[in-house]
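Colleague: What follows is a single structure, and I will ask about it in a moment.
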Amino acid sequence: MRQLDDLLRVMTERGASDLHLKPTRPPLIRISGRLQPVGEEAVRPEEIQAMVDSILTPQQRRRLEDRMSVDLGYGVHGLARFRCNIYIQRGTTAMAFRRIPYEIRTADSLNLPDVLLDFCDIPMGMVLVTGPTGSGKSTTLAALIKYITGRRPVHIVTIEDPVEFLFTDGVASISQREVGTDTPTFAEALRNVMRQDPDVIMVGEMRDPETISTVITAAETGHLVFSTLHTNSATQTVDRILDAFPADQQNQVRAQVAQVLKGVVSMKLVERADGNGLIAALEVLKSSPRVAQLVEKGETSLLLEEVETSVGYYRMQSMNQSLLALLVHSVITYPEAMRQSPDPEDLSLKLRKMFPNIEAQGGQMSPSTADFSEILMLQQYKKLYEEQEEKNRLRIAEKDERIADLEAVISGRDDRLRDLDRRLQEAMSEMEKMRGDYNRLRQEAQEKIDKLMDRIKELNQRLIGNGGSESDKKSGIFR
């Protein structure tokens, strides 16, 4: 009888992302998006039941019996962690495993745009990572949470079903709560998290209106909230949130979402041109006054246009623009870009504007080595480039001259200020000297007056002491 850990080890060694087990069929693993069997021997029902019994707790077994499905996390020491879903199909038990590496990858290693890291520094608001199943949402969220953990001294609380990536404390402190083990439901965990002094909250998935409402409230009350949705674009994401509420609440919810929504990242995995795995193509919507206005007014159909015209300033991008960037850098092939595009005609138009002959060349980005017209075209591009460079050089020279003139004016003003300061210091010194002379003269005059008064007193005393006649007294100096 095959053991579950052995199958998971084979899955990990082959670099598969998923393992599927169902009766009457060999185990299936997903490599680079494609399912392939492991061996030829079909799995027997009793084998699957033995595997289920070996990993389920009594509580999880009751949930499987009640709901016909249960989610759980399962780890193999020294190998990896796995997200498992056990479910009933055609009256028999089946299992699906998603491999979750112990090591959390960084945003750079995942080739994610730098604009995603801007979301990690936002003090409050709601950031959503969306896409179909298996598009890399959890891996991307884990990379963002790891980035915050290493940079910001905050308290992070994650609410997951089940816990997938295992985080360790860094600059930040992080608490991970699993639905069904640490908390009964997402909504209950979100209600309680407000009392746990969180700064950043990560909710595994916004599954129902109650969870969506609580996430919006958490973002409104000063927290940065990350979560996921199974939608394919920013427009669809906003519509899904609004449609989760009754019609009489739509206006209020639109106003709330317009205020708290800081970003939407919609993902899908695309095959690399070299066949070495998959790479993410991303649509990025970022909060701006115009985006908030469109959401509040319910004009979500205009969001895509706003995304595509805000590439330069806000660094947004549509899915087609992301595919175009990957195609230009030869990371993916032309047929794969067209297959994965949500609007192939629009992508084709964008490509023809940049590479007029791309479709005639069968999607090849580089010109034919035997086509001289391509060389002439490149020479024309070079000439235009050199002309633009010359214009830029002249503009820079004019700006340099203007800067030199301004520096001369500033230097002249500085010289005048230094001269005024020197004169002021001289005037202050002269004033101090005059004040000293005045005090000295005043002191000398006072001394002379004091001596004169003493002499007068002396003479008066002398006259009184001599006892002279009345006539002599009257003939004195005070007669």
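Computed from the coordinates by the stated procedures, all read-outs in this text should not be read as laboratory data. Everything numeric in this text was worked out from a predicted model, so none of it was measured. So basically every Cβ, Gly included, is an ideal-geometry build from the backbone, and we count neighbours across all protein chains shown.
Colleague: Using modelled amide H (1.01 Å from N, peptide plane; none on Pro or chain starts), what sits under 5 Å from the amide H of Gln176, excluding residues fewer than 5 places away?
Modeller: Amide H neighbours of Gln176: Thr158.
Colleague: Considering only the other residues whose Cβ falls under 10 Å of the Cβ of Val171, what net charge follows from Lys and Arg at +1 and Asp and Glu at -1?
Modeller: Residues close to Val171 contribute a combined charge of +1.
Colleague: Going 7 Å from the Cα of Leu349 along its beta-carbon direction, which residues of the range 289-325 have the amide nitrogen within less than 12 Å of the resulting point?
Modeller: From the range 289-325, the list is 305.
Colleague: Using 0.36 nm times the number of residues separating Ile122 and Asn439, minus their current alpha carbon distance, what extension gain do you get?
Modeller: Taking Ile122 through Asn439 to full extension adds about 107.4 nm, to one decimal.
Colleague: Would you please give the FRET efficiency between Arg105 and Glu46, computed as 1/(1 + (r/R0)^6) with r the Cβ-Cβ distance and R0 = 25 Å, to the nearest 0.05?
Modeller: Taking R0 as 25 Å, the efficiency between Arg105 and Glu46 is 0.05.
Colleague: Give me the distance in nm between label points sitting 7 Å out from Cα along the Cα-to-Cβ direction at Leu417 and Lys391, one decimal.
Modeller: A separation of 3.9 nm, rounded to one decimal place.
Colleague: Which angle from 0 to 90°, rounded to the nearest 10, does the C-alpha axis of helix 234-243 make with the longest principal axis of the chain?
Modeller: That works out to roughly 80 degrees.
Colleague: Right, next: Give me the angle, in degrees from 0 to 90, between the Cα long axis of helix 319-328 and the longest principal axis of the Cα atoms of the chain, rounded to the nearest 10.
Modeller: It is inclined by approximately 90 degrees.
Colleague: Which whole-number percentage describes the relative contact order of the chain, with Cα contacts under 8 Å and a sequence gap of 6 or more?
Modeller: The value is 9 percent.
Colleague: Sticking with this structure for a sec: Just to check I understand the Karplus step: with θ = phi - 60° and J = 6.51 cos²θ - 1.76 cosθ + 1.60, what whole-Hz values come out for the range 20-36, glycine and proline as x?
Modeller: 10, 10, 8, x, 6, 8, x, x, 10, 10, 9, 10, 6, x, 10, 7, 8
Colleague: Select one label from (1) 24.6, 93; (2) 22.1, 66; (3) 41.3, 160: the one whose number is Rg and Dmax of the Cα atoms in Å as derived from the coordinates shown.
Modeller: (3)
Colleague: In addition: Sequence-distant or interchain residues sharing an amide H contact under 5 Å with Met206, placed H: which?
Modeller: Amide H neighbours of Met206: Thr228.
Colleague: Same structure again: Quick check: the distance between the Cα centres of the range 99-133 and the range 211-226, to the nearest angstrom?
Modeller: 18
Colleague: Using θ = phi - 60° and the Karplus curve 6.51 cos²θ - 1.76 cosθ + 1.60, what whole-Hz ³J(HN,Hα) does each residue of the range 162-176 get, with Gly and Pro shown as x?
Modeller: x, 5, 9, 6, 9, 8, 10, 5, x, 5, 8, 9, 10, 10, 10
Colleague: Rounded if a/c is under 1.5, else prolate if a/b is larger than b/c, else oblate: which is the range 4-100, with a ≥ b ≥ c the root eigenvalues of its Cα gyration tensor?
Modeller: It comes out oblate by the Cα gyration axes.
Colleague: Additional query: Can you give the calculated 222 nm mean residue ellipticity of the chain, where each DSSP H run of n ≥ 4 adds -39,500 (n - 2.57) and the sum is split over every residue, rounded to the nearest 500 deg cm²/dmol?
Modeller: On the way: 17 runs with 237 residues, N = 479.
So the calculated ellipticity at 222 nm is -16000 deg cm²/dmol.
Colleague: A further question on this structure: What is the set of long-range amide H partners of Lys268 at a cut-off below 5 Å, with H atoms built 1.01 Å from backbone N?
Modeller: It is Ala281, by chain and number.
Colleague: In the neighborhood of Arg83, defined by Cβ-to-Cβ distances under 15 Å, what is the net charge if each Lys or Arg adds +1 and each Asp or Glu adds -1?
Modeller: Once positives and negatives cancel, what remains is -2.
Colleague: Can you sort His329, His20, His77, His223 so the residue with the fewest Cβ neighbours within 10 Å comes first? Walk me through the numbers on the way to the answer.
Modeller: Numbers: His329 10, His20 18, His77 6, His223 22.
By the 10 Å Cβ count, ascending, the order reads His77, His329, His20, His223.
Colleague: When the Karplus curve 6.51 cos²θ - 1.76 cosθ + 1.60 is applied with θ = phi - 60°, which whole-Hz ³J(HN,Hα) does each residue of the range 244-253 get, with x for Gly and Pro?
Modeller: Per-residue couplings from phi come out as 6, 10, x, 4, 6, 9, 4, 4, 5, 5 Hz.
Colleague: I've got another one for you. Could you please rank Asp161, Asp71, placing first whichever residue has the fewest other Cβ atoms within 10 Å of its Cβ? If you can, show how the numbers build up before the last one.
Modeller: Numbers: Asp161 22, Asp71 18.
Exposure proxy ranking, most exposed first: Asp71, Asp161.
Colleague: Restrict the search to the range 52-103; then list the chymotrypsin sites (Phe, Trp or Tyr not before Pro) that DSSP places in a loop and that have at most 13 other Cβ atoms within 10 Å of their Cβ.
Modeller: Numbers: sites: Tyr74, Phe82, Tyr87, Phe97, Tyr102; in loops: Tyr102.
Sparse-neighbourhood loop chymotrypsin sites (Phe, Trp or Tyr not before Pro): Tyr102.
Colleague: Let me ask something else about it. Using alpha carbons only, how many angstrom separate the centre of the range 231-259 from the centre of the range 397-453?
Modeller: 70
Colleague: Counting other beta carbons within 10 Å of each residue's own, what order do Cys120, Cys84 fall into, fewest first?
Modeller: So the ranking, lowest neighbour count to highest, is Cys120, Cys84.
Colleague: Additional query: Give the residue list of trypsin sites (Lys or Arg not before Pro) in the range 251-327 that are DSSP loop and have at most 14 other beta-carbon atoms within 10 angstrom. List each step's numbers first, then the result.
Modeller: Values: sites: Arg254, Lys262, Lys268, Arg272, Lys286, Arg290, Lys297, Arg315; in loops: Arg272, Arg315.
When the trypsin sites (Lys or Arg not before Pro) of the range 251-327 are filtered for loop state and at most 14 Cβ neighbours within 10 Å, Arg315 remain.
Colleague: Test of understanding: what is the full-extension gain from Glu65 to Asp182, defined as 0.36 nm times their sequence separation minus their Cα-Cα distance?
Modeller: The span from Glu65 to Asp182 would gain 40.1 nm if fully extended.
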